[in-house]
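Enquirer: Before anything else, here's the structure in question.
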Amino acid sequence: MSWLYVLRSGPYASNRFAEAIDAMLVAGVFEQQVRVLLIEDAVQALRQGQDGEALGSKTPGKMLTALPDYDIRDIFACRHSLERAGLDQNARIDLPVTVLDHAEQAALVAASTQVFSD
Amino acid sequence: MHYTIIVHDPGHYSDASLTALEFCRALLRAGHDIVRVFFYHDGVSNALASRVAPQGEVDLTKQWHSFAEASGVELAICVAAALRRGVLNAEEAARYERPAATIDAAFTIVGLGQLVDAALSADRTVTFAS
């Protein structure tokens, strides 16, 4: 049983990103194997040097780096979205992320028992 | 087949909430079972009894209410998402010292665990987002 959470929304555009993280943490409490795939604007959460405080919000990058503490270690990101955002490894926060092309993302979705999107 | 339905659309951004409702009706007509409809993100606004649809537009809160009444399907909204958007039952209104409850009687405020529980009980989980 593996549940895949596909995050697409920009992490600072709305609270969808933060609420989706909450949902996957609860799934983790229920001992589901949780995987996360960041696509489109959601990859911005991987950007180094961000701080949500100016907007009165939590920092999405910190939410992601906390995921391994909740046993969520399978974090994936779309190669095309990362490239478009200029997020090579040097520009990203210190978090192990597996970069996938479109075909690999399709395989990940196909291999998941449940898929949740924001 | 057992279905869990997730609604992220409040009903005034797109037609996703209405589509979800029509999908639910079609499921029951086809003999399927709905474990729970779970409203999350802005979807919790479907439960706002205080909102008023402009003339000529579908009153989705009323439509969901009628659907739940006729079918007995549980309409659940996430407590954290609901509080953030001002959807309160009497208990939460009292707890946070707000002047009134705003939730429609057909909806129930629950925790996110109920979403996980519903997804675990379902053969299919379908999300309707705007």
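The values are calculated or read from the model by the stated rules, or taken from the named source; none is laboratory data. Nothing here was measured: the structure is a model prediction, and the numbers come from that model. Every residue, glycine as well, gets a Cβ built from its backbone with ideal geometry; the counts of neighbours run over all protein chains shown.
Enquirer: Check B:THR4, B:THR102 and return the single one that is under 22 Å from A:PHE116 (Cα atoms), touching a residue at least 24 places away in the same chain (Cβ under 8 Å) and among the β-branched types (Val, Ile, Thr). Don't jump to the end; show me each part of the working.
Expert: Working: B:THR102 fails: under 22 Å from A:PHE116 (Cα atoms).
Of B:THR4, B:THR102, the one residue that is under 22 Å from A:PHE116 (Cα atoms), touching a residue at least 24 places away in the same chain (Cβ under 8 Å) and among the β-branched types (Val, Ile, Thr) is B:THR4.
Enquirer: Taking into account only those residues within segment B:84-130 that are among the aliphatic types (A, V, I, L, M), in a helix (DSSP H, G or I) and more than 12 Å from chain A (Cβ to nearest Cβ), which is surrounded by the most Cβ atoms within 10 Å (Cβ to Cβ)?
Expert: Only one residue fits best here, namely B:ALA93.
Enquirer: Scan segment A:76-106 residue by residue and report those that are surrounded by 12 or more Cβ atoms within 10 Å (Cβ to Cβ) and farther than 21 Å from A:TYR12 by Cα.
Expert: Correct list: A:THR98, A:VAL99, A:LEU100, A:GLU104, A:GLN105.
Enquirer: From the list A:ALA110, A:ALA18, A:ALA45, pick out the single residue that is under 23 Å from B:ALA81 (Cβ atoms) and more than 14 Å from every other protein chain (Cβ to nearest Cβ).
Expert: From the options A:ALA110, A:ALA18, A:ALA45, the qualifying one is A:ALA45.
Enquirer: Cβ-Cβ below 6 Å, separation at least six or inter-chain, first residue in segment B:38-52 and within 10 Å of another protein chain (Cβ to nearest Cβ) and at pLDDT below 95, second in a helix (DSSP H, G or I) and surrounded by fewer than 24 Cβ atoms within 10 Å (Cβ to Cβ): which pairs?
Expert: From residues that are within 10 Å of another protein chain (Cβ to nearest Cβ) and at pLDDT below 95, there are no pairs.
Enquirer: In segment B:58-79, which residues are crowded, with 17+ Cβ neighbours inside 10 Å, without any contact (Cβ under 8 Å) to a residue 40 or more places away in the chain and either assigned to a helix (DSSP H, G or I) or at positive phi (or both)?
Expert: Of everything in segment B:58-79, those that are crowded, with 17+ Cβ neighbours inside 10 Å, without any contact (Cβ under 8 Å) to a residue 40 or more places away in the chain and either assigned to a helix (DSSP H, G or I) or at positive phi (or both) turn out to be B:ALA68, B:VAL79.
Enquirer: With (1) touching a Pro at 6+ places or on another chain (Cβ under 8 Å); (2) within 14 Å of chain B (Cβ to nearest Cβ) as the list, and A:GLN33 as the residue in question, which single condition is left unmet?
Expert: (1)
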